Amino acid sequence: IPEPFAPGLVTTLNWENDGVFTPDLKEFYFLREVGATEHDKKMEFVVLKYKDNQWQDSIISARVGQPFISSDGKIMHLGKKYKERLTSGAWSEIKPLDSSLYKIPIMRLTASAKGTYVFDAMGEGVLRYSRIINGKREKPVLFDKNINSGTANAHPFIAPDESYMLWDSRRDNGYGMADIYISFRQKDGSWSQAMNLGNKVNTGASEYGASVTPDGKYLFFNRNVGKVNPTDKYENTDIFWVDAQVIDSLRLEQ
């Protein structure tokens, strides 16, 4: 059963979103909202680092992209931009993606171990991919209707081995607003019919931005949990986590 992640440290009464670990599980990056009123609220890009047997919180910058860290830990993708891990252990300055990708209004981009990009496009409601073929990155390709059905398809996650992908969508068979779906790669290279992750993960609220931890053990996602105050303009969002066995169970059902 999904639970809010790290109450008091990550999960608070404010908005938190898009949590990701580095492969060694010693750094956790996420976005959060700070400020007591609607007038002074702002978004921060934050990292928790495990040092001296405790998690230490530091602010990286104002909100920038939706973080995803490559399976080798060398690249931090931030939507249409990215950073590279330097030999010092620090991250480089932000760099733009290839120009053909930069023209797409990407919110979230994730990558497989062999460099396949899977990404969305703000306002378009469709997902695309781009593989490396003969050493060159192909032009973005739309997924078929098994993926791009319904509306508001967004925030994809491609497994490191490309055996499955997660994303959120609004569909007639959903539980409410946006739900998280999964599709499994078939032997012929195609993608299976989208499967809803079920009512333990999805609710009448919006669930979105799913990913799996580098060790494959946990599913992380965002959930709208309602307004903290009746006067708030937007609903609060928290980061939830749950055992990734939900994915294994659906793999057996396909």
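Quick notes on this one:
- Restricted to the stretch 209-251, and to residues there that are open to solvent by 80 Å² or more (accessible area, probe 1.4 Å) and of a type in the set (S, T, Y), the residue that is farthest from P23 (Cα to Cα) is T231.
- Residues of the stretch 173-226 that turn out to be among the small types (G, A, S), over 23 Å from F30 (Cα atoms) and touching a residue at least 60 places away in the same chain (Cβ under 8 Å), as a count: 1
- So G198, is it surrounded by fewer than 21 Cβ atoms within 10 Å (Cβ to Cβ), more than 14 Å from S163 (Cα to Cα) and more than 19 Å from the chain's Cα centre (by Cα): no
- Among residues of the stretch 129-161, those that are part of a strand (DSSP E or B), surrounded by fewer than 19 Cβ atoms within 10 Å (Cβ to Cβ) and among the hydroxyl-bearing types (S, T, Y), counted: 1
- Number of positions in the stretch 59-73 that are in contact with a Ser or Thr (Cβ under 8 Å, 6 or more places away or on another chain) and open to solvent by 30 Å² or more (accessible area, probe 1.4 Å): 1
- All positions within the stretch 6-44 that are part of a strand (DSSP E or B) and among the hydrophobic types (A, V, I, L, M, F, W, C): V20, F21, F28, F30, L31, V34, M43
- Tabulated pairs, the stretch 1-12, first closer than 14 Å to N222 by Cβ and at pLDDT 95 or above, second assigned to a loop (DSSP other than H, G, I, E, B) and open to solvent by 30 Å² or more (accessible area, probe 1.4 Å), C-beta under 8 angstrom, 6+ apart or interchain: P2/K200
- When the residues of the stretch 28-58 are filtered to those that are open to solvent by 30 Å² or more (accessible area, probe 1.4 Å) and within 19 Å of the chain's Cα centre (by Cα), the one that is farthest from T237 (Cα to Cα) is M43.
- Out of V126, V118, sole residue that is in a loop (DSSP other than H, G, I, E, B) and surrounded by 14 or more Cβ atoms within 10 Å (Cβ to Cβ): V126
The values are calculated or read from the model by the stated rules, or taken from the named source; none is laboratory data. Quick caveat, the model's predicted, so the values are computed rather than measured. So basically every Cβ, Gly included, is an ideal-geometry build from the backbone, and we count neighbours across all protein chains shown. Just the protein is used for accessible areas: all its heavy atoms, side chains included, with ligands, DNA and RNA removed. Shrake-Rupley method; radii C 1.70, N 1.55, O 1.52, S 1.80 Å.
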